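Here's the structure, in structure tokens; my notes come after.
Every number in this text was worked out from the coordinates using simple rules, so none of it is lab data. Predicted model only: the values in this text are computed from it and were never measured. Glycine also receives a Cβ, built like all others from the backbone with ideal geometry; neighbour counts cover every protein chain displayed.
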């Protein structure tokens, strides 16, 4: 029996190959691709495409839509979407409105295998990689929602469930679709990929894409980072920073450094001074993230006073530094809280 093809897993060049395989011109693939990422995404709604072409497609392919499992709205306006996948796995996305702009945080995996000790997502382990259609599908669903209130998505951040660079091929395909003018047309500057530090894939991505890069650092000492983030055993901190420094120097990139402050663990003035020293001469922006506590994990949030002192040390050293205040904490939508296990 012929396996049907999910059209939303295909980039435009792949869709042209599919059209050629059924003796149809590439121009029809262009038309079809545009429809897939518009409200007219069902075969029956594609009135400007020949019935013959659609009939052929109907026999060999299908079009998927994301299935909303649950929507939760925070007191601060943040919205968390839980989507049920075809295999019953649950993934989550978060829409963060701020000053008339909307940032959408999306997932690249169902669960996560990285094992970061402070992250709730890591407690469920890796269920599977998401297909590119499931990554882009999160964006499509939310775009349709915000359009009903005459708004749009300004930024997309791969900071939800999972490690994007551990699902590299599907992440690349999703980026291609998100950025294609016939797809969703997002520019490089509107997309950020966050990684815990898979350095070979980080460098590979940087060679072929100009999207923003964010590094989940969270410790400046090798031993401490290994304890908090097991990935550091395979890709040590010193190599990660060296690669970031190389990207900054050769490509003029500003790298976003993400640093969660954990009470009594990585938040001392000595930690701040060491971080400032290690990032000296490095074109970066530092996001200090107050830890979002959960009863399932033992870590505590640093005090506001400690956080401010940490920031002051970095700023006095010449580093552009901000404190990223949590959004959606009351619905478990804040950084490190996504776990795909919602109360029904």
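Label-to-label distance, residue 99 versus residue 285, with points set 7 angstrom from Cα along the beta-carbon direction: 1.1 nm. For 274, 112, the sequence from fewest to most other C-beta atoms within 10 Å is 274, 112. Shown is the FRET efficiency for residue 45 and residue 152, computed with R0 = 22 Å from the Cβ-Cβ distance and rounded to the nearest 0.05: 0.55.
Please state the shape class of segment 214-317: rounded when a/c is under 1.5, otherwise prolate if a/b exceeds b/c and oblate if not, all from the C-alpha gyration tensor. It comes out oblate by the Cα gyration axes.
Taking a ≥ b ≥ c as the square roots of the eigenvalues of the Cα gyration tensor, segment 5-62 is classed as rounded, since a/c falls below 1.5. Exposure proxy for 191, 73: other Cβ atoms within 10 Å of each Cβ, ordered fewest to most, give 73, 191.
Restricting to DSSP H runs of at least four residues, report the calculated mean residue ellipticity at 222 nm for the chain, -39500 (n - 2.57) per run over all residues, nearest 500 deg cm²/dmol.
Values: 11 runs with 118 residues, N = 344.
It comes out at -10500 deg cm²/dmol, rounded to the nearest 500.
Report, in degrees rounded to the nearest 10, the 0 to 90 angle that the Cα long axis of helix 132-147 makes with the longest principal axis of the chain. On a 0 to 90 degree scale, this one is about 90. According to the square roots a ≥ b ≥ c of the eigenvalues of the Cα gyration tensor, what is the shape class of the chain, taking rounded for a/c under 1.5, prolate for a/b larger than b/c otherwise, and oblate for the remainder? The shape class here is prolate.
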